[in-house]
Amino acid sequence: MLAAPRSDTVTEEHLREMARTVRRRDLQVVHGAKMGHVGGEMSAIDILVTLYFAVLRVDPSRPDDPDRDRFILSKGHSAVALYTTLAQRGFIPLEQLDSFAQPLSKLNGHPDRTKVPGVETNTGPLGHGMPVAVGAAIAAKLQDRSWRVFVLTGDGELQEGSNWEAAMAAAHYQLDNLTVIVDRNRLQQGAGTEHTLRLEPLADKWRAFGWSVEEVDGHNIGQLLDVFSRVPFETGKPNCIIAHTHKGQGVSFMQDQAAWHHKVPNAAELATALQELAEAPA
Amino acid sequence: MTQLYDCRDAFETKLRELASADPRIVAVVNDSVGSSKLNQFGQQFPNRLINVGIAEQNMVGVGAGLANGGLIPFVSAAAPFLTGRALEQIKADLAYSNTNVKLCGQSPGMGYGELGPTHHSIEDLAWLRAIANMTVIVPADPVETAQAIEVAARTSGPMFIRVSRLPVPIVHDDGYQFEIGKAARLREGGDVTLIATGVLVTRALEAAEMLAAKGVQARVLNMSTIRPLDTAAVLAAVAETGGIVTVEEHTIYGGLGSAVAEVVVTHQPAPMRILGVPGVFAPTGSAEWLLEHFGLTAQGIYDAALELVAHVPLAEA
């Protein structure tokens, strides 16, 4: 029987320390490979770490366990954050991270489920995670199984219509075993989401589509733990967590800067970033 | 008079039969319950007919998710919308992710006749054939449709199967065994080979009869798997009959004719004629009328074969 890690072994402090480790490793990997999407990776890491180390019922030694919780990274360009989290959680060897983006590496610029244990579906093009998550959640209901489905989307990604097709279906099928987390960092590739194509009022949109919505600080581990512990928020309704985040969180010169969507830190920038992350209070 | 069949009936009957035996089999539709003839399936398995509404991208993604959850989804919708609207989902969520989802493209080709080119699906084979890891199947009659559905259910991986509405006679006898990637030789002949797919196979057989009356012995192949293509059957046709006429209810760009030509020009160049829709949007007309219009008839195939044979060098004795 799969179980989430026991809460007494997963303290907020431990999770914050893990998030710091994942951030540092992520930046090193991106620097080494000279590619990656550090902005959106830094914004998502607290969510990923909280999920993998405190919420998801998964077993790295049995990544295909039929009763596992499913996590889908719809914003597939944050692959390095996922790979690093999976490595820290034991799904792949830590040393494999250095192969990221190298010829023939299993760690492609976007995740490939056929090559990386723990990856549920191949993402990269945006707006693909939600429909697959809806299907997996329906499969649980149809078979009367207790696994849950979590999907992390970007906010700019919500401009893709396929998300809203899936949102309608999730409410119609009363998928309270499905949780979407919106990484609301307010920036997309070149500019702010509200400048590019307005998303607000975002919570109201989800509510209008029949979802139960909560908003949290996506960098506050305590708030994340609390909100995940309350899923499902309402019986018979799918769950939406709008996680307010910052692109480049944890590194002063990256934070909230659209340019750091996929800019690669040079050696000096990496050193400064690692220093800042090391000195930040846990 | 020869009895004619709508292949959708064979599809629906077989799917219900399989679903009765295997609880993992589910159907996913985009409000296309009637057009997929799945009403009875829905009555028998109300929870296992998942209607996602008119939303094809979500439909295909949901199929991938259901497969992730251990089910065997048959995603069924009108072929033009299933393939064209959800092409990126087919590529990323099914083919690249290697998920066990079966796409059933209903009423493909010009089956929707007067509804026009928006509703015709004459690009589907080119689109799906271009995607790695996809299996593309075009059954010729109800016997083969039912067998293809059965094989799909027990074969892991993403597949696309055309399910035609155009009335066709049965061309395969009871002993026929559909196999993925294997052409069926329906008639022996050494002068030319007619390679047809789908509902046009019966017309190729008629053309072969007409050719025989002229003293031309045509081999007829039912190429029901477009990808992976039976290259051995193609190369044998070249070696043993000298020339090939391909026939498909599809644009001549990228479908069966192109697939056969790729093999022929690479391994054993030989004269070919490629019959299909010649790169245009169809004018208004019924499905039958459009097939006539584009020469996708026994007469059209006969004419092309005779013209080809006149240009094929005599096989060396």
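Restricting attention to region B:83-103, the residues that are facing another protein chain (nearest Cβ under 8 Å) and part of a helix (DSSP H, G or I) total 5. For the condition touching a strand residue (DSSP E or B) at 6+ places or on another chain (Cβ under 8 Å), crowded, with 22+ Cβ neighbours inside 10 Å and of a type in the set (Ser, Thr, Tyr), residue A:121 qualifies. What do you reckon, is residue A:157 more than 25 Å from residue B:100 (Cα to Cα), within 14 Å of chain B (Cβ to nearest Cβ) and not aromatic (Phe, Trp, Tyr)? Yes; evaluated as a whole, the condition is true for this residue. One residue stands out among those in region A:232-253 that are touching a Lys or Arg at 6+ places or on another chain (Cβ under 7 Å) and in a loop (DSSP other than H, G, I, E, B): the one that is surrounded by the most Cβ atoms within 10 Å (Cβ to Cβ), which is A:245. Any residue at all in region B:104-117 that is within 14 Å of another protein chain (Cβ to nearest Cβ) and surrounded by fewer than 24 Cβ atoms within 10 Å (Cβ to Cβ)? Among the residues of region B:104-117, not one is within 14 Å of another protein chain (Cβ to nearest Cβ) and surrounded by fewer than 24 Cβ atoms within 10 Å (Cβ to Cβ), which makes the answer no.
Take the residues in region B:1-45 that are in a strand (DSSP E or B) and in contact with a Pro (Cβ under 7 Å, 6 or more places away or on another chain), then tell me which one is nearest to residue B:152 (Cα to Cα).
B:26
Taken over region B:170-197, the criterion of being of a type in the set (Asp, Glu) and within 16 Å of residue B:244 (Cβ to Cβ) is satisfied by B:188, B:191.
Looking across region A:164-176, the residues that are within 17 Å of residue A:212 (Cβ to Cβ) and within 12 Å of another protein chain (Cβ to nearest Cβ) come down to A:164, A:166, A:167, A:168, A:169, A:170, A:171, A:172, A:173, A:175.
Residues checked against (1) in contact (Cβ under 8 Å) with a residue 12 or more places away in the chain; (2) within 17 Å of residue A:99 (Cα to Cα); (3) in contact with a strand residue (DSSP E or B) (Cβ under 6 Å, 6 or more places away or on another chain); (4) part of a helix (DSSP H, G or I):
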residue: A:24; (1), (2), (3), (4): yes, yes, no, yes
residue: A:30; (1), (2), (3), (4): yes, yes, no, yes
residue: A:42; (1), (2), (3), (4): yes, no, no, yes
residue: A:49; (1), (2), (3), (4): yes, no, no, yes
residue: A:72; (1), (2), (3), (4): yes, no, yes, no
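Counting the residues of region B:46-82 that are at the interface with chain A (Cβ under 8 Å from one of its Cβ atoms) and not in a helix (DSSP H, G or I) gives 8.
The set of residues in region A:142-192 that are in a loop (DSSP other than H, G, I, E, B) and basic (Lys, Arg) comprises A:145, A:148, A:186. Among the candidates A:179, A:123, the residue that is of a type in the set (Ser, Thr, Tyr) and either more than 13 Å from chain B (Cβ to nearest Cβ) or farther than 20 Å from residue A:51 by Cβ (or both) is uniquely A:179. So how many residues does region B:103-138 have that are in contact with a His (Cβ under 9 Å, 6 or more places away or on another chain) and closer than 13 Å to residue B:161 by Cα? Selection size over region B:103-138: 7. For region A:126-154, a residue qualifies if it is within 17 Å of the chain's Cα centre (by Cα), within 11 Å of chain B (Cβ to nearest Cβ) and not aliphatic (A, V, I, L, M), and the qualifying residues are A:127, A:128, A:129, A:131. Of all residue pairs spaced 6 or more apart or on separate chains, those with beta-carbon atoms under 6 Å, a first member in region B:20-38 that is more than 16 Å from residue B:61 (Cα to Cα) and a second member that is in a loop (DSSP other than H, G, I, E, B) are B:24/B:71. On the given criteria, is residue A:261 modelled with pLDDT under 95, within 19 Å of residue A:48 (Cα to Cα) and not polar (S, T, N, Q)? It is true that residue A:261 is modelled with pLDDT under 95, within 19 Å of residue A:48 (Cα to Cα) and not polar (S, T, N, Q).
Would you say residue A:65 is surrounded by fewer than 17 Cβ atoms within 10 Å (Cβ to Cβ), touching a residue at least 60 places away in the same chain (Cβ under 8 Å) and within 14 Å of another protein chain (Cβ to nearest Cβ)?
yes
Answer with yes or no whether residue A:246 is under 16 Å from the mean Cα position of the chain (by Cα) and at pLDDT below 95. So residue A:246 fails the test.
Quick grid of which residues meet (1) crowded, with 21+ Cβ neighbours inside 10 Å; (2) under 25 Å from residue A:156 (Cα atoms); (3) of a type outside the set (A, V, I, L, M); (4) modelled with pLDDT of 95 or more:
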site: A:4; (1), (2), (3), (4): no, no, no, no
site: A:7; (1), (2), (3), (4): no, no, yes, no
site: A:22; (1), (2), (3), (4): yes, yes, no, yes
site: A:43; (1), (2), (3), (4): yes, yes, yes, yes
site: A:82; (1), (2), (3), (4): yes, yes, no, yes
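If you go through region B:8-22 and pick out every residue that is among the acidic types (Asp, Glu) and in contact with a Leu (Cβ under 9 Å, 6 or more places away or on another chain), you end up with 1. Of note, residue B:171 satisfies the criterion of being crowded, with 21+ Cβ neighbours inside 10 Å and closer than 23 Å to residue B:1 by Cα. Scanning region B:45-92 for residues being surrounded by 23 or more Cβ atoms within 10 Å (Cβ to Cβ), of a type in the set (Gly, Ala, Ser) and within 20 Å of residue B:110 (Cα to Cα) gives a total of 5. No other residue among A:273, A:278 is exposed (fewer than 13 other Cβ atoms within 10 Å of the Cβ) and assigned to a helix (DSSP H, G or I) apart from A:278.
The values are calculated or read from the model by the stated rules, or taken from the named source; none is laboratory data. Everything quoted here is computed from the prediction, not taken from an experiment. Ideal geometry is used to build each Cβ from the backbone, glycine not excepted, and the neighbour counts take in all protein chains shown.
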